[in-house]
Amino acid sequence: MSSTPARIPMYIQLKTYIMNQIQQGIWQPGDKLPSENELAEQFDVSRITVKNAMADIVEQGLIYRIQGKGSYIADNASPPFLAYEPKETMGSCVAFLMPRLDNLFTANLMTGIEQELAAHGYHLIFRLTHDRQDLEIKQLKELTQLGMKGIIIYPVEGETFNNEILKLTLGNYPLVIVDRYLRGLDANCVSSDNFAGAYDATKHLTSLGHTKISFISTSITGTTSIEDRLRGYEQALSDAGLFIDYRLRLIPNSGLPVYDQIKQYILDNPDVSAIVTTTSTIGLFAMKAARDLGLNVPRDLSVVCFDDYEKSELSEVPLTYVNQNEKLIGSEAAKLVLSLIQNPSQERRNMGLTSDLVVRDSTTSPNPARS
């Protein structure tokens, strides 16, 4: 009976990263290393994990610490790759890059990827890009140099595609993009059908009798998942015989807190009886803003969002939401990257998986008494 190889501990992955930075000359003798807090945040691990990784390297004399100032690269630091990083071990690894890991969608997405990879004897190496394209490019370069068999990437928002993604795609590297496709690039992608999801959410509201339905989203330009959701929303309005009113669209900017902008928007547009939001976070902000303005959800304002949120069943008013089946997206992305590892030159695929509308307590018919 074959057994699945043990996962590489996070402190070893972190140790590998630091050693790789030194070996490639990215960190030079005398350079100050990121703080333990910064490394813990970048790798989404505890400070204890960082301390364990650093302690091993200090013991080898490759870095040294100055009390109260931090850790520095030693003058004689020029190590080879360590024994714990043989090529055959790293060769069974697939990396996953994502902007952040701060909600149920991203957690479920990674769970789907990890379970599928583990079932086929592969390790998952996880990196955060913090929604920075420069860091995304840097991580892609480092991971390919480390010998990853393949990479799954959740691109930063507003990105068409960077040169590193283009280079890997044109070179038939086993690369799969999740959550969206990149316009103008024929690449392997797995996401939900964002157009259909937004269409179903908006149609649900029009079928209840709503005619003034707002669309609140993160930045639209360059993010195909959000662009497709806007198109789905507009198509559903058109099919219901309603005009496209650009006043009903809100994209919070970076000037004020998102909550404050949504609250002011609801106050300034009292005729809006329903809202479609592109994330559950925006949906929760909308519901809180309505409540703080003395409005009842759903009697005075119906709200539909994309994606569930943690412990939503304990909410006083659970939000109606578009379920993208993110674990399935992750699983299919992992299957695709494994297939590409076996046959990198196969025809590229853009998979749009079916989503489901989960109707809960945040939507009902409009209240004719509200003005």
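The values are calculated or read from the model by the stated rules, or taken from the named source; none is laboratory data. Note that the coordinates shown come from a computational prediction; the quantities given were computed from them, not determined experimentally. Every residue, glycine as well, gets a Cβ built from its backbone with ideal geometry; the counts of neighbours run over all protein chains shown. Side chains are part of the model used for accessible areas, which takes the heavy atoms of the whole protein and leaves out ligands, DNA and RNA. Shrake-Rupley method; radii C 1.70, N 1.55, O 1.52, S 1.80 Å.
Relative contact order for region 108-193: 20 percent, from Cα pairs under 8 Å spaced at least 6 residues apart, divided by residue count. Each residue of region 271-277 is assigned a 3J(HN,Hα), and the resulting list reads 7, 5, 10, 8, 9, 10, 10 Hz, derived from the Karplus form 6.51 cos²θ - 1.76 cosθ + 1.60 (θ = phi - 60°), x at Gly and Pro.
Please report, in debye to the nearest 20, how large the charge dipole of the chain is about its Cα centre when each Lys and Arg carries +1 at its beta carbon and each Asp and Glu carries -1 there. Walk me through the intermediate numbers first.
Working: 34 positive and 44 negative charges, 46 e Å.
The calculation lands at about 220 debye.
Please state the relative contact order of the chain as a whole percent: Cα pairs under 8 Å, 6+ residues apart? Walk me through the numbers before you get to the answer.
Details: 682 pairs, mean separation 63.1, N = 371.
For the chain, the relative contact order is 17 percent.
How large is log10 I(q)/I(0) at q = 0.07, 0.14 Å⁻¹ when the Debye formula is applied to the Cα atoms of the chain, each weighted equally and without solvent? The computed values of log10 I(q)/I(0) come out as -0.38, -1.14.
For region 248-361, report the accessible area per residue in Å² (1.4 Å probe, heavy atoms, rounded to an integer). Can you show the working numbers first?
Details: 5290 Å² over 114 residues.
Heavy-atom accessible area per residue stands at 46 Å².
Distance between the C-alpha centres of region 232-252 and region 107-172: 35 Å, rounded to the whole angstrom.
The calculated 222 nm mean residue ellipticity attributable to helices in the chain amounts to -12500 deg cm²/dmol, summing -39500 (n - 2.57) over DSSP H runs of n ≥ 4 and dividing by all residues.
As an exercise, use a Förster radius of 22 Å and the Cβ-Cβ distance of Tyr246 and Leu267 to find the FRET efficiency, rounded to the nearest 0.05. Approximately 0.70, to the nearest 0.05. Remark: spin-label model distance Asp356-Lys51 equals 4.5 nm, labels positioned 7 Å along the Cα→Cβ axis. Choose one of Leu336, Ala290, Cys93: the residue whose Cα lies farthest towards the positive end of the charge dipole of the chain (beta-carbon charges +1 Lys, Arg; -1 Asp, Glu; about the Cα centre). Toward the positive end, the furthest listed residue is Cys93. Among Gly61, Gly283, Gly112, whose mean-square fluctuation peaks in a Gaussian network model of the chain (Cα, cutoff 10 Å)? Evaluated over the chain, the most mobile residue of the options is Gly61.
Could you compute the FRET efficiency for Ala119 and Lys69, with r as their C-beta to C-beta distance and R0 at 45 Å, rounded to 0.05?
Computed FRET efficiency for Ala119 and Lys69: 0.45.
Protection proxy ranking for 171-180, 137-146, 93-102, using the average of other Cβ atoms within 10 Å per residue and placing the highest first: 171-180, 93-102, 137-146. Positive end of the dipole of region 165-230 (Cβ unit charges, origin at the Cα centre): among Thr223, Thr211, Ala201, the Cα lying farthest that way belongs to Thr211. The label point for Thr111 and the one for Arg132, both projected 7 Å from the Cα toward the Cβ, are 3.0 nm apart. Spatial offset of region 24-46 relative to region 290-339 amounts to 35 Å, using the alpha carbon center of each.
So which chymotrypsin sites (Phe, Trp or Tyr not before Pro) in region 188-271 end up in coil per DSSP with only 10 or fewer other C-beta atoms within 10 Å? When the chymotrypsin sites (Phe, Trp or Tyr not before Pro) of region 188-271 are filtered for loop state and at most 10 Cβ neighbours within 10 Å, Phe243 remain.
Magnitude of the charge dipole for region 118-167, about its Cα centre and with charges confined to Cβ atoms of Lys, Arg (+1) and Asp, Glu (-1), is about 260 debye.
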